[in-house]
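The values are calculated or read from the model by the stated rules, or taken from the named source; none is laboratory data. From a predicted model like this one, the values you see are computed outputs, not experimental measurements. Ideal geometry is used to build each Cβ from the backbone, glycine not excepted, and the neighbour counts take in all protein chains shown. Heads up: the accessible areas ignore ligands, DNA and RNA and are worked out on the full protein's heavy atoms, side chains in. Shrake-Rupley method; radii C 1.70, N 1.55, O 1.52, S 1.80 Å.
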Amino acid sequence: MAIKVGVIGVGGMLQYHAAGFRKAGAEIIAVCDAAPGAAAKAAAKWGITTPYETVEAMLAAPDVDAVSVIVPNKFHKSLAIQCLEAGKHVFCEKPPALHADEVKEIIAAAQKANKQVLFNFNNRARPESQAMMKYIKQGAVGTINSAQAKWIRRTGIPGFGGWFTTKELAGGGSLIDLLHMVDLAMYFMGYPEPAHVLGQTFSDFITDKQFKGPWGIPDRVGGITDVENAAHGFVTFKSGQVLSLQVSWAEMVKREEVSVVFQGTKAGGCVQRLFGIDGLDNTAIDACELYVQENGHSVNRSITTPACEDMGRIDSAANFIEVLEGKAEPLNTLEQALRLMQVIDAIYASATSGKPVSI
């Protein structure tokens, strides 16, 4: 029997969740959104059987096995727990929650319900990332001593006054929104336990409409804009490894860059996407490289991987279904989500206090 999925939220990520679930053989039988008519419109567009306007009504459907959560960050924890308590597996958009303590609550609920919870850290599913992980797991890289994580944009503020720029709803700005490369770097490093964090945030351009992104997200007149447009930080781990990070919606850089570069004891490496136009995946150039010393020479190896414009979003959703069917290992775990949010929380805390933070 095919896994039957319900979806909460009809935002832009629904197209990827739907494609991924169906790629893995699941059926999407329900969609829910509180906005009047939104669920019915999405159901018609995506070929979903039943629309609902309340979560409670959808969760009461006995044939829903798993739920996909695509809502503003503030509601990730409460909806994940509500779904778990209703006996459903959960696939939730990033970030896992607003804070690490909320992730702990999700962990407790998942353990009590004995259900799976995966988050959409989709960049782990990119062909480049999976190719690099094969080299890492085979020992070709050795121990990764240090890594540099970047998701930087010159013009990428996702609208003004909406939930993305409202701290109460989003938990923060660019850092919590674009945490993918911090996650990917820690994934490559073996997800070590963080020890100390030093961070700083910047809000110089957060209300400057010259820096708005290209996605057409409308500004909300009278809305709140109280988050950072850029964040920089440095993390030490109890293993002795270190990570530096640079994340921005708006910063004086040449172009949008999404990358993890690392230095191992046997080889260095890079997974990178460079954008021709900020925010537009169809203008991007991808690279996956290893750096080694052989016979007295510096050798740079370019790893050829299949093109993947969607940055792994479809395959990430497919992995969730494959995990439920026992066909694949999960691309991420709740413990990793907790460590990631501990780092994010500590960067914000360090930026506020002006001091390093111990975890």
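Key figures
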read-out: Residues within the range 247-274 that are of a type in the set (A, V, I, L, M), closer than 12 Å to Leu178 by Cβ and either out of contact with any Ser or Thr (no Cβ under 8 Å at 6 or more places or on another chain) or open to solvent by 40 Å² or more (accessible area, probe 1.4 Å) (or both), tallied; value: 1
read-out: Count of residues meeting criterion [in contact (Cβ under 8 Å) with a residue 60 or more places away in the chain and among the hydroxyl-bearing types (Ser, Thr, Tyr)] in the range 214-254; value: 3
read-out: Set Ile277, Ile359, Ile285: member being open to solvent by 20 Å² or more (accessible area, probe 1.4 Å), under 18 Å from Ala149 (Cβ atoms) and of a type in the set (Val, Ile, Thr); value: Ile359
read-out: Looking only at the range 291-323, and only at residues there that are in contact with a Cys (Cβ under 8 Å, 6 or more places away or on another chain) and part of a strand (DSSP E or B), the one that is most open to solvent (accessible area, probe 1.4 Å); value: Ser302
read-out: Residue that is touching a strand residue (DSSP E or B) at 6+ places or on another chain (Cβ under 9 Å), part of a loop (DSSP other than H, G, I, E, B) and more than 26 Å from Phe202 (Cβ to Cβ), where the choices are Ala140, Ala109; value: Ala140
read-out: Long-range neighbours under 7 Å by Cβ, at least six apart or interchain, first residue more than 9 Å from Gly9 (Cβ to Cβ) within the range 27-44, second outside any strand (DSSP E or B) and of a type in the set (Ser, Thr, Tyr); value: Ile29/Thr49; Ala30/Thr49
read-out: Residues being in contact with a strand residue (DSSP E or B) (Cβ under 9 Å, 6 or more places away or on another chain), more than 21 Å from Arg339 (Cα to Cα) and of a type outside the set (Asp, Glu) - total across the range 114-137; value: 5
read-out: Met341 vs. criteria part of a loop (DSSP other than H, G, I, E, B), hydrophobic (A, V, I, L, M, F, W, C) and within 30 Å of Glu102 (Cβ to Cβ); value: no
read-out: Selection count where residues are closer than 18 Å to Ser68 by Cα and either touching a Cys at 6+ places or on another chain (Cβ under 7 Å) or open to solvent by 40 Å² or more (accessible area, probe 1.4 Å) (or both), scope the range 325-356; value: 3
read-out: Selection from the range 66-108 of residues that are out of contact with any Asp or Glu (no Cβ under 8 Å at 6 or more places or on another chain) and farther than 19 Å from Leu334 by Cβ; value: Pro72
read-out: Hey, Ser244 surrounded by fewer than 17 Cβ atoms within 10 Å (Cβ to Cβ), at pLDDT 95 or above and assigned to a strand (DSSP E or B) or not; value: yes
